[in-house]
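Q: Structure below; questions to follow.
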Amino acid sequence: MATMIHWLVFLWLAAHAQDETPPAAPPPSPEAPADQPPAPPPPPEELGPMTPSGARSNYSTIVENYILQHSKDEVLPLKDKTGRKWLLRLERVDLAPLRELKQGFYVSCVQMRDGKDRLDVDFTVDFSTARWRVSSVNVHRLNGKPRFKYNGSGRVPL
């Protein structure tokens, strides 16, 4: 008999537990006006440092988009440090020499052509923030002859 009473109490409690209403929302604070806009969303999550494999996966896309955005009729105009103006056409992005100059900044060789001249152009991509972008463009080699070499994160003219 006691077991049956325990079962009836258990079933009654289970049935009434479903009928409970959730607690009411707290009333608005007196200092906040009713027509106040909602709070802004939290800031975006900070990204960790870019890995070499992540840079290798995304580098070509960033560089090719940069070239498309800055080109006219598939020709990228570029003025180098000597003042010479180049009209460059993309041949290929070479990821074999991809290197990290400093944390989040990666550079590699992009083979381009201006008429008979073959150029290796270094595009430095900034992966240090959520907004990836090309931060600098430099003519590294002209017809196979290097114009500078890297010393850590800096460039040394030859």
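Q: Does ALA130 qualify as being open to solvent by 30 Å² or more (accessible area, probe 1.4 Å), touching a residue at least 60 places away in the same chain (Cβ under 8 Å) and closer than 21 Å to THR61 by Cβ?
A: yes
Residues are listed down the side, and each one gets a yes or a no for (1) surrounded by 11 or more Cβ atoms within 10 Å (Cβ to Cβ); (2) modelled with pLDDT under 95; (3) in a strand (DSSP E or B):
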{"residue": "THR82", "(1), (2), (3)": "no, yes, no"}
{"residue": "ARG89", "(1), (2), (3)": "yes, no, yes"}
{"residue": "LEU95", "(1), (2), (3)": "yes, yes, yes"}
{"residue": "GLN111", "(1), (2), (3)": "yes, no, yes"}
{"residue": "ARG118", "(1), (2), (3)": "yes, no, yes"}
{"residue": "ASP122", "(1), (2), (3)": "yes, no, yes"}
{"residue": "SER135", "(1), (2), (3)": "yes, no, yes"}
{"residue": "VAL139", "(1), (2), (3)": "yes, no, yes"}
{"residue": "LYS149", "(1), (2), (3)": "yes, yes, yes"}
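Q: Please go through region 97-109 and give me each residue that is of a type in the set (S, T, N, Q) and open to solvent by 30 Å² or more (accessible area, probe 1.4 Å), ordered by number.
A: Within region 97-109, GLN103 is the sole residue that qualifies.
Q: Looking at the structure I just gave you, is VAL75 on the phi < 0 side of the Ramachandran plot and either buried (at least 17 other Cβ atoms within 10 Å of the Cβ) or free of Cβ contacts under 8 Å to residues at least 12 places away in the same chain (or both)? Can you show your working first?
A: Numbers: on the phi < 0 side of the Ramachandran plot: yes; either buried (at least 17 other Cβ atoms within 10 Å of the Cβ) or free of Cβ contacts under 8 Å to residues at least 12 places away in the same chain (or both): no.
No.
Q: Could you run through region 58-78 and say how many residues are β-branched (Val, Ile, Thr), under 15 Å from VAL121 (Cα atoms) and out of contact with any Lys or Arg (no Cβ under 8 Å at 6 or more places or on another chain)?
A: Residues flagged as β-branched (Val, Ile, Thr), under 15 Å from VAL121 (Cα atoms) and out of contact with any Lys or Arg (no Cβ under 8 Å at 6 or more places or on another chain) within region 58-78 amount to 2.
Q: In this structure, is ARG155 out of contact with any Cys (no Cβ under 9 Å at 6 or more places or on another chain), outside any helix (DSSP H, G or I), of a type in the set (Lys, Arg) and closer than 25 Å to PRO49 by Cα? Give the steps one after another, and end with the answer.
A: On the way: out of contact with any Cys (no Cβ under 9 Å at 6 or more places or on another chain): yes; outside any helix (DSSP H, G or I): yes; of a type in the set (Lys, Arg): yes; closer than 25 Å to PRO49 by Cα: yes.
It is true that ARG155 is out of contact with any Cys (no Cβ under 9 Å at 6 or more places or on another chain), outside any helix (DSSP H, G or I), of a type in the set (Lys, Arg) and closer than 25 Å to PRO49 by Cα.
Q: If I ask for residues that are modelled with pLDDT of 95 or more and not hydroxyl-bearing (Ser, Thr, Tyr), which ones from region 69-78 would you list?
A: Selection gives GLN69, HIS70, VAL75, LEU76, PRO77, LEU78.
The values are calculated or read from the model by the stated rules, or taken from the named source; none is laboratory data. Keep in mind that this is a model prediction, so the values were computed, not measured. Positions of Cβ are generated from backbone atoms using ideal geometry, with glycine treated the same way; all protein chains shown enter the neighbour counts. What goes into the accessible areas is simple: the full protein's heavy atoms, side chains included, and nothing from ligands, DNA or RNA. Shrake-Rupley method; radii C 1.70, N 1.55, O 1.52, S 1.80 Å.
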